[in-house]
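For reference, the structure discussed in these notes is given below.
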């Protein structure tokens, strides 16, 4: 929309105008960086929030419960007040590292092909859904097998109903939210099938999206076959054993005309890889240090492209932190102090960032390997305990974020781990 | 005489923490709530036991905007049993762009005392789309 004003070089280029990109751009601006370009592939800013019309966003940030679009509009408004107008319908297709500067290649209907020189790139592309190909469900390949997020886009943005008799595989939050949404719109949601022995989504969503409508949740079950010629007709469901193999007994079928997949999200990092950014095999996001900067100096990463979050509030928080750090990088005012490694210990699936800075504050994100009860989360250096708190329950579906006031100057490394508590 | 006590397990939906609540109550009032982390847990237990309420979110048609549907919500929680009627009621509405966050779609919907409001800004696009069409044809 600001195509005519397109510039040749900027201080910071933010890729993605979702919650992460907008918050990062605002933080850059508030830290004194004026020449910022935000590019967005879609025709409007806001990202995935625009199709998340349910409420439950913003409790941490705004101390009130907003819907997805309301949360996004607040950031879009704040950005507009700071003269940050995302360049929409524009895809970033390449990032070239020239050392001190980067060149980002953009493609859009309005400006055609353009190369923009920038001191800093902030990756804020978000994530995408795992699909049938990612989880390899056997059976025929009929129409009607789609991801939950696509169903959400169809229903909420375009007023299209993806099906009338629906089965959902995976109990991630989007799947649960769609179970309620499609029931409200008159579809019959027959079941939610989850391979894990525990739900993938938040407890509150089990209550208000499934229990409210008596939708059965089959834990430790999977879909073993899809049948249907042109349109999906039936799914075959089986309980699984401890090795996640389907059992021979207890199988059943459900007739349906739509199967929704809510089986996880993957950070969308193809562009990052082109720029030479190293990815973490567990988070599938960039490996970042204390400033959320990747291994390529000047390229930063935040939001769901860095690690898949549960709450948008934390995306905004992370992106703000990232924007501030990127501004400091541009101005050459980065905090001093050596960076030391952070290790994931007992029961910790991953920890982020991979490094923290001696003498500086840190915000550590982590997820547990599995659910457990009565455990302490401990963060310690080689010599002292920095943080300890007892949790009654932990779930891998709930990300923990722990601020540390100061990493001691003499620390060699930091370790994060869980320890069983005696009752 | 002893009053009849009921114990029920609930999951609080006031925030993403989802505390497991154990609620003890008589047919008239709540006696005790256990397991809550904050006071919202107590309020939730009270409403959930005696008159459950939910926020309802859906979409309504909109004309003259870039997209054909705009998201809406009940401004506050409404009785759970009204949910379906609210959705049905909303599906009959067509708004005209521009619309702004907070615009009232239906005032005091189904006499619940709660307004149905818009949750997304959508500008009028008629002029722009005309311009674009002209550009393409030239």
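In segment B:106-121, how many are over 13 Å from the mean Cα position of the chain (by Cα) and within 24 Å of residue A:75 (Cα to Cα)? So the answer is 2. Filtering A:131, A:98 for residues that are in contact (Cβ under 8 Å) with a residue 40 or more places away in the chain and either farther than 30 Å from residue A:232 by Cβ or surrounded by 14 or more Cβ atoms within 10 Å (Cβ to Cβ) (or both) leaves a single hit, A:131. Within the set A:360, A:328, the sole residue that is more than 14 Å from the chain's Cα centre (by Cα), more than 30 Å from residue A:173 (Cβ to Cβ) and at pLDDT below 95 turns out to be A:360. Among the residues examined, residue A:214 qualifies as closer than 24 Å to residue B:53 by Cβ, more than 10 Å from chain B (Cβ to nearest Cβ) and free of Cβ contacts under 8 Å to residues at least 12 places away in the same chain. Looking at segment A:365-385, is at least one residue surrounded by 15 or more Cβ atoms within 10 Å (Cβ to Cβ), more than 26 Å from the chain's Cα centre (by Cα) and not in a strand (DSSP E or B)? Within segment A:365-385, not a single residue is surrounded by 15 or more Cβ atoms within 10 Å (Cβ to Cβ), more than 26 Å from the chain's Cα centre (by Cα) and not in a strand (DSSP E or B).
Looking only at residues of segment B:1-55 that are facing another protein chain (nearest Cβ under 10 Å), at pLDDT 90 or above and in contact with a helix residue (DSSP H, G or I) (Cβ under 7 Å, 6 or more places away or on another chain), we find that the one that is surrounded by the fewest Cβ atoms within 10 Å (Cβ to Cβ) is B:52.
When segment A:77-95 is filtered for residues that are part of a loop (DSSP other than H, G, I, E, B) and within 30 Å of residue A:273 (Cα to Cα), the ones remaining, listed by number, are A:84, A:85, A:86, A:88, A:89. Residues that are out of contact with any helix residue (DSSP H, G or I) (no Cβ under 8 Å at 6 or more places or on another chain) and part of a loop (DSSP other than H, G, I, E, B) were ranked within segment A:101-117; the one that is surrounded by the fewest Cβ atoms within 10 Å (Cβ to Cβ) is A:109.
The residues of segment A:277-325 that are surrounded by 24 or more Cβ atoms within 10 Å (Cβ to Cβ) and at positive phi, listed by number, are A:292, A:303.
On inspection, residue A:226 does not qualify as outside the structural domain of residue A:40 (by TED's automatic domain parsing), crowded, with 20+ Cβ neighbours inside 10 Å and under 26 Å from residue A:396 (Cβ atoms).
Within segment A:37-73, the set of residues being within 10 Å of chain B (Cβ to nearest Cβ), farther than 24 Å from residue A:172 by Cα and either buried (at least 24 other Cβ atoms within 10 Å of the Cβ) or in contact with a helix residue (DSSP H, G or I) (Cβ under 8 Å, 6 or more places away or on another chain) (or both) comprises A:44 only. In the same structural domain as residue A:300 (by TED's automatic domain parsing), under 25 Å from residue B:120 (Cβ atoms) and touching a residue at least 40 places away in the same chain (Cβ under 8 Å), is that true of residue A:114? Judged against the criteria, residue A:114 is not a match.
If you go through segment B:104-121 and keep only what is in contact with a strand residue (DSSP E or B) (Cβ under 6 Å, 6 or more places away or on another chain), in a loop (DSSP other than H, G, I, E, B) and more than 12 Å from every other protein chain (Cβ to nearest Cβ), you end up with B:112, B:114, B:115. The set of residues from segment A:387-410 being in a loop (DSSP other than H, G, I, E, B) and within 14 Å of chain B (Cβ to nearest Cβ) comprises A:395, A:397, A:398, A:399. With the requirement that a residue be in contact with a strand residue (DSSP E or B) (Cβ under 8 Å, 6 or more places away or on another chain) and in contact (Cβ under 8 Å) with a residue 40 or more places away in the chain, what does segment A:57-71 give you? Once the filter is applied, which keeps residues that are in contact with a strand residue (DSSP E or B) (Cβ under 8 Å, 6 or more places away or on another chain) and in contact (Cβ under 8 Å) with a residue 40 or more places away in the chain, segment A:57-71 yields A:57, A:58, A:68, A:71. Considering only residues in segment A:147-176 that are outside any loop (DSSP other than H, G, I, E, B) and at the interface with chain B (Cβ under 10 Å from one of its Cβ atoms), the one that is surrounded by the fewest Cβ atoms within 10 Å (Cβ to Cβ) turns out to be A:158. In segment B:59-80, is there at least one residue being within 12 Å of another protein chain (Cβ to nearest Cβ), assigned to a helix (DSSP H, G or I) and within 17 Å of residue B:108 (Cα to Cα)? Checking segment B:59-80: at least one residue is within 12 Å of another protein chain (Cβ to nearest Cβ), assigned to a helix (DSSP H, G or I) and within 17 Å of residue B:108 (Cα to Cα). For segment A:186-211, filtering for residues that are within 14 Å of another protein chain (Cβ to nearest Cβ), in a loop (DSSP other than H, G, I, E, B) and surrounded by fewer than 17 Cβ atoms within 10 Å (Cβ to Cβ) leaves 2. Every condition in (1) more than 16 Å from residue A:290 (Cβ to Cβ); (2) surrounded by 13 or more Cβ atoms within 10 Å (Cβ to Cβ); (3) in contact with a strand residue (DSSP E or B) (Cβ under 7 Å, 6 or more places away or on another chain) holds for residue A:420 except the one numbered (2).
The values are calculated or read from the model by the stated rules, or taken from the named source; none is laboratory data. Just so you know, these numbers come straight off a predicted model, no measurement behind them. Every residue, glycine as well, gets a Cβ built from its backbone with ideal geometry; the counts of neighbours run over all protein chains shown.
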